[in-house]
Amino acid sequence: MEYTNLLLEKNGAVAVLTINRPKALNALNSDTVTELSTALDELGRDSSVKAVILTGSGEKAFIAGADISQMKDFNCMQARHFAQLGHAVFRKIELMPQPVIAAINGFALGGGCELAMACDIRIAAENAKFGQPEVTLGLTAGFGGTQRLPRLIGTGLASELLFTGDIIDVNEAYRIGLVNKVYPLDTLMEEAMKLAKKISSRAPVAVQLTKSAIQRGLNMDLDSAQAYEAEIFGLTFSTQDKTEGCSAFLEKRKPAFEGK
Ligand code: CO8
């Protein structure tokens with residue numbers, strides 16, 4: 001599939017999805033969000049892909065937010081539809097089988113910060129900056145920021161960021177747990193690839209079931225979530241990968257997982 005605002009490349013079992021509107025600092029207009037939806041469906045169906053890296057084009061921005069030039073003319077109904085489109089597409093990231101790593105190579109503001117938060121893992125470059133500046137535009141966060149930010153960093157810190165619209169640097173983002181690791185910009189993609197390849201080398205079914213347990217479990221009470229965990233734990237015992245992984249350990253050799 002050809003995309004206008006995205007680049008989709010594959011490197012072995014790792015797919016790299018790049019938001020490619022560098023002149024607008026990769027701002028998300030509705031066409032880009034729609035293309036993202038199609039690309040996520042394509043990747044989710046592709047069993048050769050074991051991990052995905054999501055990043056932005058250029059050296060300045062991951063994504064500088066929703067496209068303000070498009071949004072400024074929205075009426076209430078169009079704004080609501082755009083928010084709902086973002087919700088549905090970002091949720092696909094959480095519910096697709098493969099882990100998604102956000103490689104944040106610059107500004108991650110508004111919808112950009114919200115997209116990063118929908119990814120399973122966030123790593124960032126030293127120039128990355130984060131924030132939900134919607135209140136400085138007379139808006140609220142609309143792509144899940146009011147929900148995912150408190151879940152990730154706690155209500156107090158999230159409220160401060162959402163009420164002030166303050167932009168924080170990568171050190172603060174690391175301190176509050178918004179990103180896992182910080183790297184020089186010129187090594188960010190290499191590090192993202194290393195992490196994606198490490199994940200891809202693990203038993204694929206187990207990794208995908210783990211993601212499902214994390215994402216589904218977050219919306220359940222503890223008893224239901226643990227019951228779900230027990231079910232998927234049991235399911236791994238029907239896989240060849242479990243037989244191979246346990247045998248390889250006992251035979252003191254590296255496992256050769258086939259994702260079955
Ligand atoms: N939308 C559209 N264009 C953008 C955006 C954006 N979010 N961000 C940057 N651009 C454009 C600029 O207009 C500029 O275009 P041009 O060259 O044609 O003038 C180009 O990108 C480069 O930007 P700057 O010249 O401004 O670059 P600076 O280095 O001076 O500044 C900043 C970089 C600080 C990132 C600055 O561009 C900025 O503040 N951008 C806006 C950040 C922002 O407010 N983001 C939040 C947007 S609102 C949002 O995301 C809501 C999400 C939920 C939507 C819900 C649906 C209704």
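Going by the structure shown, is Ser47 assigned by the TED database to the domain that holds Glu191, assigned to a helix (DSSP H, G or I), surrounded by fewer than 21 Cβ atoms within 10 Å (Cβ to Cβ) and among the hydroxyl-bearing types (Ser, Thr, Tyr)?
So Ser47 fails the test.
If you check every pair at least six apart or on different chains, which have Cβ atoms under 6 Å apart with a residue in region 133-145 that is closer than 21 Å to Ala118 by Cβ and within 6 Å of the ligand (Cβ to nearest atom) first and a residue that is modelled with pLDDT of 95 or more and open to solvent by 70 Å² or more (accessible area, probe 1.4 Å) second?
That search, which allows pairs on different chains as well, returns Glu134/Thr140.
Tell me yes or no: at least one residue of region 126-147 is under 30 Å from Cys76 (Cα atoms), out of contact with any strand residue (DSSP E or B) (no Cβ under 6 Å at 6 or more places or on another chain), surrounded by 14 or more Cβ atoms within 10 Å (Cβ to Cβ) and basic (Lys, Arg).
no
With the condition kept exactly as written, say whether any residue in region 236-244 is within 16 Å of the ligand (Cβ to nearest atom), of a type in the set (Lys, Arg) and open to solvent by 30 Å² or more (accessible area, probe 1.4 Å).
So far as region 236-244 goes, no, none of its residues is within 16 Å of the ligand (Cβ to nearest atom), of a type in the set (Lys, Arg) and open to solvent by 30 Å² or more (accessible area, probe 1.4 Å).
Do we have Leu7 as open to solvent by less than 50 Å² (accessible area, probe 1.4 Å), free of Cβ contacts under 8 Å to residues at least 60 places away in the same chain, out of contact with any Gly (no Cβ under 8 Å at 6 or more places or on another chain) and away from the ligand (no atom under 13 Å from the Cβ) here?
So Leu7 fails the test.
Applying the selection to region 189-235, what residues are farther than 30 Å from Ala248 by Cα and either open to solvent by 80 Å² or more (accessible area, probe 1.4 Å) or among the basic types (Lys, Arg) (or both)?
Residues satisfying the conditions are Arg216, Leu218, Asn219, Asp221, Leu222, Asp223.
Please work out if Phe107 is in the same structural domain as Lys194 (by the TED database) and open to solvent by 50 Å² or more (accessible area, probe 1.4 Å).
yes
Looking for something of a type outside the set (Lys, Arg), closer than 29 Å to Gly44 by Cβ and either within 17 Å of the chain's Cα centre (by Cα) or outside any helix (DSSP H, G or I) (or both) - is there at least one such residue anywhere in region 159-170?
No, region 159-170 has no match at all.
Can you work out which of the residues in region 56-86 that are among the charged types (D, E, K, R) and near the ligand (Cβ under 10 Å from one of its atoms) is surrounded by the most Cβ atoms within 10 Å (Cβ to Cβ)?
Asp67
Among Ala102, Ala88, Ala116, which is farther than 17 Å from Val182 by Cα, hydrophobic (A, V, I, L, M, F, W, C) and assigned by the TED database to the domain that holds Gly142?
Ala88
Please verify whether Gln98 is under 20 Å from Arg148 (Cβ atoms), more than 8 Å from the ligand (Cβ to nearest atom) and buried (at least 21 other Cβ atoms within 10 Å of the Cβ), treating the condition exactly as stated.
The answer is yes for Gln98.
Which of (1) in a loop (DSSP other than H, G, I, E, B); (2) surrounded by fewer than 19 Cβ atoms within 10 Å (Cβ to Cβ); (3) away from the ligand (no atom under 15 Å from the Cβ) does Asp186 not meet, given it meets every other one?
(1)
Quick check: anything in region 102-109 more than 15 Å from the ligand (Cβ to nearest atom) and within 25 Å of Pro204 (Cα to Cα)?
yes
Quick one: is Glu160 acidic (Asp, Glu) and not assigned by the TED database to the domain that holds Thr136?
Considered against the rule, which asks whether it is acidic (Asp, Glu) and not assigned by the TED database to the domain that holds Thr136, Glu160 comes out as no.
The values are calculated or read from the model by the stated rules, or taken from the named source; none is laboratory data. Remember, predicted model here, so these are calculated numbers, not experimental data. Please note: Cβ atoms are built from the backbone with ideal geometry, for glycine as well, and neighbour counts cover all protein chains shown. Surface accessibility is based on the protein's heavy atoms, side chains included, excluding ligands, DNA and RNA. Shrake-Rupley method; radii C 1.70, N 1.55, O 1.52, S 1.80 Å.
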